[in-house]
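Just below is one structure, and these are the notes that go with it.
Here, each number is a calculation from the coordinates, and none is a lab measurement. What you see is a predicted model, and the numbers here were worked out from it, not measured in a lab. Positions of Cβ are backbone-derived with ideal geometry, glycine not excepted, and every protein chain shown enters the neighbour counts.
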Amino acid sequence: MTTPRRFTGDTLVIASHNKGKVREIADLLGPYVATFTSAGDLGLPEPEETGTSFVANAELKALAAAGAGHVALADDSGLVVPALNGDPGIYSARWAGPSKDFAMAMRKVEDGLGANADRSAYFVCALSLAWPDGHVETVEGRCYGTLVWPPRGEQGFGYDPMFKPDGHGITFGEMDPAKKHEMSHRADAFRQLVERCFK
Ligand SMILES: O=P(O)(O)OP(=O)(O)OP(=O)(O)OC[C@H]1O[C@@H](n2cnc3c(O)ncnc32)[C@H](O)[C@@H]1O
Ligand SMILES: [Mg+2]
């Protein structure tokens, strides 16, 4: 196995246009990075997510942003529902449409499930750290749970109000953000990435 490359700069570009994610990433990496900036702040375009996996899309977004000259971190994530053959999966953002209507996207998941007894689901988060020379370090995290209906809570973002992590009685939408950070797919991925590149 090759030695992982470590992050040694002070500024990290968060290659995401999703404010909910940018906030969570800055929370999770706060102790290791002096300054954050985001792809949105730098006016970088949103690349087309043409990959067929979370990892491929995370790498493509991180490399696109690193092309501007700074180390960049991208997150590609989504909700995988086995009873829906893995949907919405890598299409999780696209299910909400251009107006990012997650009430509608959650309803679509619920309608797809119908009377299906299998309401299990998991979130996936692929994180890719890319350098301007094209080097990438990528990890993937998961968080398992159950889908509830109707959605509950105003915290978090995206599909959080309908996702109840295993072992807990409340949804991510109802959970304090600090608590979500202890158990989420993003937290799982960050534990691996910090170990690899930020320690
Ligand atoms: O690509 P960027 O610019 O980072 O922003 P995006 O919102 O398009 O992000 P993705 O392509 O990775 O799509 C992931 C979608 O999956 C959902 N998702 C990811 N992590 C989530 C979380 O922690 N809680 C709820 N929903 C989540 C959310 O709806 C995201 O829009
Ligand atoms: Mg996206």
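Packing order of peptides 15-24, 99-108, 84-93, highest average first: 15-24, 84-93, 99-108 (average count of other Cβ atoms within 10 Å over each peptide's residues). Oblate is the label for the range 77-119, because the ratio a/c of its alpha-carbon gyration tensor axes (a ≥ b ≥ c) is 1.5 or higher and a/b is not greater than b/c.
Where a ≥ b ≥ c are the square roots of the eigenvalues of the C-alpha gyration tensor, would you call the range 23-81 rounded, which needs a/c under 1.5, or, failing that, prolate if a/b is larger than b/c, or oblate?
It comes out oblate by the Cα gyration axes.
Counting only alpha carbon atoms, the long axis of helix 54-66 and the longest principal axis of the chain meet at about 40°. Shown is the FRET efficiency for Asn85 and Asp166, computed with R0 = 30 Å from the Cβ-Cβ distance and rounded to the nearest 0.05: 0.90.
If a/c stays under 1.5 just call it rounded; otherwise compare a/b with b/c (prolate if a/b is bigger, oblate if not). Do that for the range 55-158, with a ≥ b ≥ c from the square roots of the Cα gyration tensor eigenvalues. The shape class here is prolate. The value of relative contact order for the chain, using C-alpha pairs under 8 Å at least six residues apart, is 21 percent. The angle separating the long axis of helix 19-29 from the principal Cα axis of greatest extent in the chain is about 60 degrees. Spin-label model, Asp176/His17: points 7 Å from Cα along the beta carbon direction are separated by 3.5 nm. Segment Val148..Asp101, full-extension length gain: 15.1 nm, with 0.36 nm per residue of separation and the alpha-carbon distance subtracted.
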